[in-house]
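Engineer: Below is a structure I'd like to ask you about.
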Amino acid sequence: MILQRLLLYHYKRPFEVSFNSSHAKRTCAESIIVDLKFDNGVSGLGESAPRPYVTGETIASVRNTIENRYAPQLFKSKIEDLSDIKQILNELEPDKSQPSSNFLSAIGSIDLALLDALGHKTGRNILQFLGAPQRNTAPLSLTIPLISPKDMKKKWRILQSWLPVQSVKVVVTGTPSENCDRVASIRDMLGPLMDMRIEVNGQWTYAEACNNLSKLSRFNISGIEEPLTAGDRDCLHQLKDRFGIPIILDESICTFEDASNAIQNEYCDIINIKISKCGGLIRAQDVIHMAAMKNIDCQIG
């Protein structure tokens, strides 16, 4: 297959409820859709959902990267099998002098589009190419943003009627008393048995984490995501030992090298994989395989 056309679409749709966290207040779903059209009539679709606070990318930077850096290489490449796709993706990566993550969402959309096209060409499921297990069902987790308890309970009643939510992740702030009231209210709403994790977004120092967790651990917390600031990350293993709550890392693990460093330093128990921040399915799978070798679990965010 040889690429004939590359089309980019800017997708933007408002949320019914804004999503507030310590990183940003998001009011819409926004992404770049990539449509690759090949000489044999096959098309492949991919998506980039850039987050500036994760990989440093924006909608504008992703568009620029694809149009000016990736397109010339893609138009002169021939794609017949998975090895061709892997070679192309490696060629699209910047040299080592560039920031390590500011291309991942852009390259992830190309990964998805090329795999999609290869699947259409061969009539095979992408999972067959990657050797990944296929499941009929997957557990559904809901993230609860920084909204008022009144709005939270109202939305929860509506969601319960049509979504089989099996666990929740609660976004918290830096204030222990506020977090305690919030988590207590949510635990009361969920009942004592539903799985509940908390999401810090890398906002706590080690001292703040200890202060907060000394009050929150009584609410049956099954995991804490990205609890420490970059400056205090070396204290993650101490936090695990002190409170016995599994540590989940998300924003701090984008590349294979990020995951390797976290595992070698015993920073986490679980890695939160997001396809766009990890650079697509192939790179995400590399992280998953490496984590599995070290008995580190992964979840798909």
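Engineer: Within region 204-224, identify whether any single residue is under 19 Å from Cys298 (Cα atoms), of a type outside the set (Lys, Arg) and not in a loop (DSSP other than H, G, I, E, B), and answer yes or no. Outline the logic, then answer.
Structural biologist: Residues of region 204-224 that are under 19 Å from Cys298 (Cα atoms), as a first pass: 221-224.
From what's left, of a type outside the set (Lys, Arg): 221-224.
Retained after the next criterion (residues that are not in a loop (DSSP other than H, G, I, E, B)): 223-224.
Yes, the conditions are met somewhere in region 204-224.
Engineer: Follow-up question, since we're still on this one. Starting from residues that are assigned to a loop (DSSP other than H, G, I, E, B) and polar (S, T, N, Q), keep the ones in region 41-67 and report whichever is surrounded by the fewest Cβ atoms within 10 Å (Cβ to Cβ).
Structural biologist: Of all residues in region 41-67, those assigned to a loop (DSSP other than H, G, I, E, B) come to 41-42, 49-58.
In the following step, the residues that additionally are polar (S, T, N, Q) were identified as 55, 58.
Working: Thr55: 28, Thr58: 15.
Once the filter is applied, the top-ranked residue is Thr58.
Engineer: Another one. So which residues in region 68-80 are surrounded by 12 or more Cβ atoms within 10 Å (Cβ to Cβ) and either more than 30 Å from Arg26 (Cα to Cα) or touching a strand residue (DSSP E or B) at 6+ places or on another chain (Cβ under 7 Å) (or both)? Spell out the reasoning first.
Structural biologist: Taking region 68-80 first, the residues surrounded by 12 or more Cβ atoms within 10 Å (Cβ to Cβ) are 69-71, 73-75, 77, 79.
Residues satisfying the conditions are Ala71, Gln73, Leu74, Phe75, Ser77, Ile79.
Engineer: Residue check: is Ile144 closer than 17 Å to Asn272 by Cα, open to solvent by less than 20 Å² (accessible area, probe 1.4 Å) and modelled with pLDDT of 85 or more? Quick ask: steps written out before the conclusion?
Structural biologist: On the way: closer than 17 Å to Asn272 by Cα: yes; open to solvent by less than 20 Å² (accessible area, probe 1.4 Å): yes; modelled with pLDDT of 85 or more: yes.
Judged against the criteria, Ile144 is a match.
Engineer: Report the residue count in region 261-301 for those that are closer than 14 Å to Glu226 by Cα, in contact with a Leu (Cβ under 9 Å, 6 or more places away or on another chain) and hydrophobic (A, V, I, L, M, F, W, C).
Structural biologist: Of the residues in region 261-301, 4 are closer than 14 Å to Glu226 by Cα, in contact with a Leu (Cβ under 9 Å, 6 or more places away or on another chain) and hydrophobic (A, V, I, L, M, F, W, C).
Engineer: Would you be able to tell me the number of residues in region 187-215 that are in contact with a helix residue (DSSP H, G or I) (Cβ under 7 Å, 6 or more places away or on another chain) and of a type in the set (A, V, I, L, M)?
Structural biologist: Total meeting the criteria: 5.
Engineer: Can you pull out the residues in region 158-178 that are exposed (fewer than 10 other Cβ atoms within 10 Å of the Cβ) and basic (Lys, Arg)?
Structural biologist: Of everything in region 158-178, nothing turns out to be exposed (fewer than 10 other Cβ atoms within 10 Å of the Cβ) and basic (Lys, Arg).
Engineer: Could you grab me the full set of residues in region 239-287 that are open to solvent by 50 Å² or more (accessible area, probe 1.4 Å) and in a loop (DSSP other than H, G, I, E, B)?
Structural biologist: Scanning region 239-287 gives Gly244, Asn265, Glu266, Asp269, Lys274.
Engineer: Then there's this: Given the residues Phe129, Phe103, which is the only one that is farther than 27 Å from Glu225 by Cα, surrounded by 14 or more Cβ atoms within 10 Å (Cβ to Cβ) and touching a residue at least 24 places away in the same chain (Cβ under 8 Å)?
Structural biologist: Numbers: Phe103 fails: farther than 27 Å from Glu225 by Cα.
Selected residue: Phe129, the only one of Phe129, Phe103 that is farther than 27 Å from Glu225 by Cα, surrounded by 14 or more Cβ atoms within 10 Å (Cβ to Cβ) and touching a residue at least 24 places away in the same chain (Cβ under 8 Å).
Engineer: From Thr173, Thr229, grab the single residue that is in contact (Cβ under 8 Å) with a residue 60 or more places away in the chain, touching a Ser or Thr at 6+ places or on another chain (Cβ under 7 Å) and among the hydroxyl-bearing types (Ser, Thr, Tyr). I'd like the intermediate steps shown before the answer.
Structural biologist: On the way: Thr229 fails: in contact (Cβ under 8 Å) with a residue 60 or more places away in the chain.
Step by step, each of Thr173, Thr229 is checked, and only Thr173 is in contact (Cβ under 8 Å) with a residue 60 or more places away in the chain, touching a Ser or Thr at 6+ places or on another chain (Cβ under 7 Å) and among the hydroxyl-bearing types (Ser, Thr, Tyr).
The values are calculated or read from the model by the stated rules, or taken from the named source; none is laboratory data. None of these values were measured; they are calculated from a predicted model. Because the Cβ atoms are built from the backbone with ideal geometry, glycine has one as well, and the counts that use them run over all protein chains shown. Keep in mind that these areas ignore ligands, DNA and RNA; they rest on the heavy atoms of the full protein, side chains included. Shrake-Rupley method; radii C 1.70, N 1.55, O 1.52, S 1.80 Å.
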